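A short worksheet on the structure shown next.
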Amino acid sequence: MKKVAILGSTGSIGTQSLDVIRALKNIEVTAFSTNVQIELLEKQILEFSPKIVCVMDETRALQLEKRLKEKKISTKVCTGLEGLIYVASESGAELLITAVVGMIGLLPTIKAIKNGINIALANKETLVCAGELVMGMAKQLGVSIIPIDSEHGAIFECLQAGRKNEVNKLILTASGGPFRDFNAKQLETVTIEQALNHPNWRMGKKISIDSATLMNKALEVIEARFLFDVMPENIEVVIHKESIIHSMVEFIDGSVIAQMGIPDMRHPISYAINFPKRVNCSVIKPIDFKKTFALNFNAPNTELFPSLELAYYVLREGGTAPLVLNAANEVAVSLFLDSKIKFLDIPKLINKVLDKHIVINNPSLNDILELNEWARKMCYEGVV
């Protein structure tokens, strides 16, 4: 029985992880966390009987604790960032699935690594904000970090086909989001509802907006740089609207290995949970090659979607530049969702913050945490 804990068990990745775990039947779930969704979390507790859960919202944590006591359920309830760190590191898990969104995933992941717990990573911001620190720590302590987002999971699989010194470049595919066929004038008036309506994937609000701006792909470029130890100039992005090829690796002999599948996160989740083995998982549906379908590719339009270019800019700047990009983006997306800025203002606001930032090389964890707060404050002030 493999013991697994899930940060963000009520979100899209978390619920799909539980679909996989139900199908595998050889996994014990030791801990869960949610932000505010205590009704769904309670159902998960009743089904899986975890030792510990964390509810980030303190009021809802108290409500859940009362409900569980009334039902004589012994699951411990904790709250806040301290609770999230406790869930990540103290439940007896061998594998931590990090499916929370944003910078909030960094400290719990670091604590889990320090405790020797392997990581199934969906929280890309952890490596965007502290890639060198986190990967260095994992390597030193012999902890595995296996990606479970679609693109990096695909690259991880493709890399099994060759040695590291045989890799020429990584090719990240992007759906292009809901506005891939829009022109500049159309982008001026897009609504929140349009931005949330992704054509291929059902995701949370933040990642859906990131997909619409191509910032999600920018963050994935940064993540790939640290996760796979590949230079930025060897990471390429192509638009592939069907989302059938999830990413590719080009080797030095010209061979390109691609990972294919229907748009569904359950495969990379299953692959990460079972690695290095492959297992039959009934909730994963294969492609039916007897049905006619097309695969289209084209270059991203970085003039209309400048967020992608920001990834390469902050990687050239190095140090804390990726962290500041991520922090400013989190705030800018929040402001857009609150109707305080327009869609096209998101990258403009991020640029303003980056212009004010003085890069710190080889930052400590304290540097990272302090600069994250600084960048968020600067972004809020940019709209006042």
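Considering 356, 348, the condition of being open to solvent by 50 Å² or more (accessible area, probe 1.4 Å), within 15 Å of residue 215 (Cβ to Cβ) and of a type in the set (Lys, Arg) is satisfied by 348 alone. I'm checking my understanding of the structure. Among residues of the stretch 241-258 that are open to solvent by less than 20 Å² (accessible area, probe 1.4 Å) and at pLDDT 95 or above, which one is farthest from residue 180 (Cα to Cα)? My answer is 251.
Identification of helices (runs of 4 or more DSSP H) wholly contained in the stretch 276-356 with 2 or more residues that are touching a Pro at 6+ places or on another chain (Cβ under 7 Å) yields 307-317. Within the stretch 5-26, being outside any loop (DSSP other than H, G, I, E, B), touching a strand residue (DSSP E or B) at 6+ places or on another chain (Cβ under 9 Å) and modelled with pLDDT of 95 or more holds for 5, 6, 7, 14, 17, 18, 20, 21.
When you scan the stretch 148-157, do you find a residue that is assigned to a loop (DSSP other than H, G, I, E, B), touching a Pro at 6+ places or on another chain (Cβ under 6 Å) and under 30 Å from residue 230 (Cα atoms), even just one? Yes: one or more hits. Against the definition (over 20 Å from residue 235 (Cβ atoms) and either more than 14 Å from the chain's Cα centre (by Cα) or crowded, with 19+ Cβ neighbours inside 10 Å (or both)), how does residue 124 come out, yes or no? Spelling it out, it is not the case that residue 124 is over 20 Å from residue 235 (Cβ atoms) and either more than 14 Å from the chain's Cα centre (by Cα) or crowded, with 19+ Cβ neighbours inside 10 Å (or both).
Scanning the stretch 259-275 for residues that are surrounded by fewer than 19 Cβ atoms within 10 Å (Cβ to Cβ) and assigned to a loop (DSSP other than H, G, I, E, B) yields 262, 263, 264, 275. Scanning the stretch 222-240 for residues that are closer than 22 Å to residue 325 by Cα and surrounded by fewer than 21 Cβ atoms within 10 Å (Cβ to Cβ) turns up 228, 229, 230, 231, 232, 233, 234, 236, 238.
Please list, ordered by first then second residue, the pairs with beta carbon atoms under 8 Å, 6 or more apart or interchain, first in the stretch 59-83 and over 15 Å from residue 39 (Cα atoms) and part of a helix (DSSP H, G or I), second of a type outside the set (Lys, Arg) and open to solvent by 70 Å² or more (accessible area, probe 1.4 Å). Qualifying pairs under 8 Å: 80/58.
With the requirement that a residue be of a type in the set (S, T, N, Q) and either open to solvent by less than 50 Å² (accessible area, probe 1.4 Å) or farther than 18 Å from residue 275 by Cα (or both), what does the stretch 127-163 give you? Correct list: 140, 150.
Restricted to the stretch 27-55, and to residues there that are in a strand (DSSP E or B) and of a type in the set (Val, Ile, Thr), the residue that is nearest to residue 274 (Cα to Cα) is 27. Scanning the stretch 173-200 for residues that are assigned to a loop (DSSP other than H, G, I, E, B), open to solvent by less than 30 Å² (accessible area, probe 1.4 Å) and hydrophobic (A, V, I, L, M, F, W, C) yields 179, 190.
Beta carbons closer than 7 Å, at least 6 apart along the sequence or on distinct chains, never pair a first residue in the stretch 27-40 that is under 14 Å from residue 13 (Cα atoms) with a second that is at pLDDT below 95 and small (Gly, Ala, Ser). Of everything in the stretch 1-26 that's open to solvent by less than 20 Å² (accessible area, probe 1.4 Å) and more than 16 Å from the chain's Cα centre (by Cα), which residue is farthest from residue 87 (Cα to Cα)? Only one residue fits best here, namely 20. Evaluating residue 170 against the criteria (1) part of a helix (DSSP H, G or I); (2) open to solvent by less than 10 Å² (accessible area, probe 1.4 Å) leaves one unmet condition, (1). Taking first residues from the stretch 94-120 that are touching a residue at least 40 places away in the same chain (Cβ under 8 Å) and farther than 13 Å from residue 4 by Cα and partners that are outside any strand (DSSP E or B) and of a type in the set (Ser, Thr, Tyr), the Cβ contacts under 6 Å between residues at least 6 apart in sequence or on separate chains come to 105/126; 106/126.
Taking every residue in the stretch 331-343 that is more than 20 Å from residue 374 (Cβ to Cβ) and touching a residue at least 60 places away in the same chain (Cβ under 8 Å) and pairing it with any residue that is assigned to a loop (DSSP other than H, G, I, E, B) and open to solvent by less than 90 Å² (accessible area, probe 1.4 Å), at least 6 positions away or on another chain, the pairs with Cβ-Cβ distances below 9 Å are 336/343; 342/190; 343/179; 343/190; 343/191.
The values are calculated or read from the model by the stated rules, or taken from the named source; none is laboratory data. None of the values given here were measured: they were computed from a predicted structure. In this analysis, Cβ positions are derived from the backbone assuming ideal geometry, glycine residues included, and neighbour counts consider all displayed protein chains. Accessible surface is based on the protein model in full, side chains and every heavy atom, while ligands, DNA and RNA are left aside. Shrake-Rupley method; radii C 1.70, N 1.55, O 1.52, S 1.80 Å.
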